[in-house]
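Please treat every number below as a calculation from the coordinates, not as lab data. Worth saying up front: this structure is predicted, and the values here are computed from it rather than measured. Counting neighbours? That spans all protein chains shown, and the Cβs are built from the backbone with ideal geometry, glycine included.
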Amino acid sequence: MRKLLIVSAGLLLSFSLILVVLISLAIEDRPRINRQVVLTPDHIERAKRIVDKHRYWVRPGMFAAARIMPADADLAVNYLARRLLKGSAHLTLAHRSAVIRLSIPLSETPLSRYSDRYLNIQASLVETDRLPHPRSIQVGKLSLPDALTDMLMPRILEWLRESPEYKASLDSLRMVKVSPDELTIVYRWRGGLSHGMKASIIGEEERERLLRYQRLLVESSRIGEKELPLSAVLSPLMRAAAAQSTEAGPRAENRALILVATAHVLGISLKRILPGKTNWPRAEPQVVTLDGRDDFAKHFMVSAAIAAYADTALADAIGLYKEFEDSRHGSGFSFNDLAADHAGTKFGEKAVASETSAQQLQYRVLSGIEDTDLMPFWSDLPEFMREAEFKRRFGGTGTPAYEEMMRIIEQRVADLDVLQ
């Protein structure tokens with residue numbers, strides 16, 4: 001019995017020592033990849049082309065291919081790493097293979113006790129007749145045998161398939177082709193989304209939260225004016241959020257009310273955004289304005305929703321892309337629209353940046369706000385410029401004249417009382 005105890009203790013000690021050694025080899029003091037996400041209107045335009053091709057040409061049952069430039073594939077990987085893991089990534093394409101490098105702060109992993117350390121991961125992705133297969137995985141100074149990767153990959157894919165949205169994506173994928181010039185994703189579109197995938201986009205708890213704010217909006221719209229300022233829409237929703245935040249996190253409450261308010265300002269049903277079994281009550285139609293203009297209210301709320309549910313880089317890039325499109329085909333490039341976009345982005349960012357920031361915003365709105373607390377002074381900003389006029393006056397983005405206008409807008413937005 002004593003020998004058994006000694007052997008057991010020895011095995012336990014050996015296992016502990018091995019685990020310590022593996023962890024020390026895997027984690028590092030600094031990230032090997034540390035990149036900011038820089039989204040531009042050109043990136044948004046190229047992504048829109050891919051989406052438009054799918055919408056207008058791809059029918060259920062058809063095979064299609066999405067071709068992505070190397071720089072865009074690299075940007076997408078880095079964006080997802082920053083968005084999902086608060087890390088950074090870099091993707092390099094080669095002939096029939098790619099190399100991905102990823103740095104993740106341990107605060108975003110089960111090893112959060114080492115919050116000031118990093119996982120630095122590098123892997124080769126080798127083209128196959130279906131999905132790329134990982135090879136030569138290195139975590140810090142620790143190299144994983146390919147045999148271990150071969151054993152784990154089927155289990156990882158099986159685990160992913162348990163989630164409806166991942167299952168639908170994996171089932172649609174037919175091949176990923178890699179070359180130095182482009183990443184080609186071949187897929188078969190099955191048509192629409194499964195009910196399970198629709199339901200999983202936003203969880204049941206979040207739907208209940210959205211439904212609560214939608215009901216409040218319906219009640220207020222029935223007794224309210226046909227035209228009203230955005231501040232009058234947000235104030236009662238924020239009041240309800242502050243009361244509810246004693247039971248739930250203020251960030252989640254703010255995110256939900258922003259989405260409900262955005263749908264109302266745009267005049268669309270939540271059912272259109274979130275299909276499923278939920279019976280969304282319809283509010284009475286209202287014209288919502290921001291500082292007297294309904295287009296400002298739309299710009300503000302759409303940017304706030306993107307920032308609250310995605311992030312500020314994406315919201316800013318989409319807003320700027322919209323202005324470039326308007327300068328070519330629509331009402332023209334308007335710096336005051338960008339001011340509304342930027343104000344909405346900062347509002348959405350503050351609403352969900354942290355539990356403290358979310359609660360501060362609730363209290364600030366509860367103390368009383370007007371539209372001028374949401375929208376900076378804008379009447380002296382150039383608007384309705386066609387592309388030729390915009391280029392003549394400002395020379396494009398990145399020029400001193402353009403950057404000075406953006407500096408003025410950003411300063412005015414930063415000075416808004418609601419963001420203090």
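Here are some notes:
- Placing +1 on the Cβ of every Lys and Arg and -1 on the Cβ of every Asp and Glu, with nothing else charged, gives the stretch 28-188 a dipole about its Cα centre of roughly 240 debye.
- Radius 9 Å from Cβ of residue 118, net charge of other residues (Lys, Arg +1; Asp, Glu -1): 0
- Positive-end residue of 381, 348, 396, charge dipole of the stretch 348-420 with Cβ unit charges: 396
- Across the cross-link table entries 86/141; 48/391; 48/167; 86/271; 167/298; 53/226, which are compared at the Cα atoms, the separations over 27 Å belong to 86/271; 167/298; 53/226.
- Listed residue (50, 66, 148) projecting farthest to the positive dipole end of the stretch 28-188, Cβ model: 50
- Pairwise centroid distance, computed over Cα atoms, of the stretch 136-189 with the stretch 357-420, Å: 43 Å
- Gain upon complete extension [residue 389, residue 171; 0.36 nm per residue less C-alpha separation]: 73.6 nm
- Each peptide in 84-94, 177-187 gets a packing score, the mean of other Cβ atoms within 10 Å over its residues, and the list from highest to lowest is 84-94, 177-187.
- Once both labels are positioned 7 Å from their Cα atoms along Cα-to-Cβ, the gap between residue 410 and residue 186 label points is 4.5 nm.
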